[in-house]
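Right, one structure below, let's go through it.
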Amino acid sequence: MEATSPNDAGATGVGATYTSPLQSEDLSASPLWNQDLAPTPLSRRTWSTYHIAALWIGMSVVITTYTLASGLIQQGMRWWQAMLTILLGNAIVLVPMILNAHAGTKYGVSFPVLCRAAFGVTGANVPAMLRALVACGWFGIQTWIGGLALHALLSAALPAWATRPGAVWIAFAVFWLVQVAIIVRGLEGIKALESWSAPLLLGGGLALLWWAAQHGGGLGRILSESTRLQTSQTPFWQLFPAALTANVGYWATLSLNIPDFTRYARSQRSQVLGQAIGLPPTMTAFAFIGVAVTSATIVLFGEAIWDPVVLIARIGSPAVIVVGALVVLVAQISTNMAANVVSPANDFSNLAPRRISYVTGGLITAVIGILMMPWRLYADAAAYIFTWLIGYSSLMGAIGGILIADYWVLRRRELSAADLFKVQGRYTYRRGVNPRAMIALVLAVAPVVPGFLRAATTPGGVVPNPTLLDSLYTYAWFVTFGLSFGLYLLLSRTAVRS
């Protein structure tokens, strides 16, 4: 059993708070340590249930959530089937989210530092980099959408802007620079942003729903119009597996790096309640708003307008357009800063703690996000679901299975926080790498690779006449999570608990 701080007695209790788990040992000279990766002291654990819930509201109220149901309905689902799928997917991903969050709150450590326990102090860079690259892709996608919203705002306020050569790209660059300015402020700037933006974003969503009900003849009528959004009649049960996996995959990234936030939580109760209140209800409600408002556009305009930025430009005066676009911009920024900067910033810092700070890691994220050409990742709604979301969920599931098996089953929630920062310690394994974790990771992902390659090379990502391997890929997160969990425990069964 691993040693913990004397103050960690009872630390697994729901209402507990903690002092520094590093005891009196000074590890600041370690090459694995820097100020950003060091365990969060009690004085900085100030995030209440409201802050955690506001974090999730701020991350969930975003254009990609608004349009999340669109691909499902277009493929053949009814609106209520899409809502149930989204709710179920978010309820499922909430479980690993809360489990991985526990270590962050108990020990005050970030995701890449937690990975050191299972993968080794050097091997932790493998899951950290996989997570970081996915975040870079998401950062680019959300920045591209934010740039389009800024372009709409400027076009409404300054009509000549729309005719300016390269106007969209200029707006994209400006939006990117605004985010870079926030990155430089660090994590406290993100906390403040999420806290005040959550009520604004909820208000904006409710205002859109009110507009739809008032101008579309009531919710009953506009929801009856949702059947006209379907462009395919594919049976529900044929769509459901991939749709559910995609919805789990939507937040599979955060289910790994949630310790990056819960390391600042006041207690386990704060992180559990905050996540339960903030994630599934908000995701489902905002996706519902997207369906209802889009259905109303059929009644009003004779066509389905899924993009809220395009819709805002159609429904009001320049003043209304400016206010609406500002809400969209806040939504994009609040999501991008929390969901797609915090984790890769820590992950890149973990590569070379002495050379890369949190801010430097965030700036690296911002650059790579552009290099990944997000306008292509987001160009096709079907490919976005069946290739991007499901594809990366296979990697996230495999990593999550190993982390949960290691922390909850093998170590029974007990870590040596000091050894997480030691080059030669109980998490050194073989030259800093735990081979059992690496083998489990590779073997868990292998079965879904053929299906991913077929989906990635098929227009729209939907493979006609799917084989067994294609069908297996539609359950990618579930397959890789279960396999890595079982394989890691199997490979570790004869090892001496470190």
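Computed quantities for the displayed model
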read-out: Subset of segment 57-73 [in a helix (DSSP H, G or I) and under 16 Å from Gln332 (Cβ atoms)]; value: Ile57, Gly58, Met59, Ser60, Ile63, Thr64, Thr65, Tyr66, Leu68
read-out: Any chance Ala417 is in contact with a Leu (Cβ under 6 Å, 6 or more places away or on another chain), surrounded by 20 or more Cβ atoms within 10 Å (Cβ to Cβ) and of a type in the set (Gly, Ala, Ser); value: yes
read-out: Qualifying position, being more than 20 Å from the chain's Cα centre (by Cα), basic (Lys, Arg) and closer than 18 Å to Val341 by Cβ, among Arg221, Arg185; value: Arg185
read-out: Count of segment 407-462 residues which are among the aromatic types (Phe, Trp, Tyr) and assigned to a helix (DSSP H, G or I); value: 4
read-out: Filter result for Ala135 (within 25 Å of Leu37 (Cα to Cα), assigned to a helix (DSSP H, G or I), at pLDDT below 95 and not charged (D, E, K, R)); value: yes
read-out: Qualifying residues in segment 207-218 (those that are under 29 Å from the mean Cα position of the chain (by Cα) and of a type outside the set (Gly, Ala, Ser)) - the one surrounded by the fewest Cβ atoms within 10 Å (Cβ to Cβ); value: Trp210
read-out: Exclusive hit being under 30 Å from Val121 (Cα atoms) and of a type outside the set (Asp, Glu), set Thr360, Thr387; value: Thr360
read-out: In segment 211-241, the residues that are aliphatic (A, V, I, L, M) and modelled with pLDDT under 85; value: Leu229
read-out: Condition check for Pro435: without any contact (Cβ under 8 Å) to a residue 60 or more places away in the chain and surrounded by fewer than 21 Cβ atoms within 10 Å (Cβ to Cβ); value: yes
read-out: Which listed residue is over 18 Å from Leu311 (Cα atoms), in contact (Cβ under 8 Å) with a residue 12 or more places away in the chain and either in a loop (DSSP other than H, G, I, E, B) or touching a strand residue (DSSP E or B) at 6+ places or on another chain (Cβ under 7 Å) (or both), from Thr234, Thr245, Thr227; value: Thr234
read-out: Pro308 being farther than 30 Å from Asp36 by Cβ and within 14 Å of the chain's Cα centre (by Cα); value: no
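The values are calculated or read from the model by the stated rules, or taken from the named source; none is laboratory data. Keep in mind the model is a prediction, meaning the values are calculated, not measured. Counting neighbours? That spans all protein chains shown, and the Cβs are built from the backbone with ideal geometry, glycine included.
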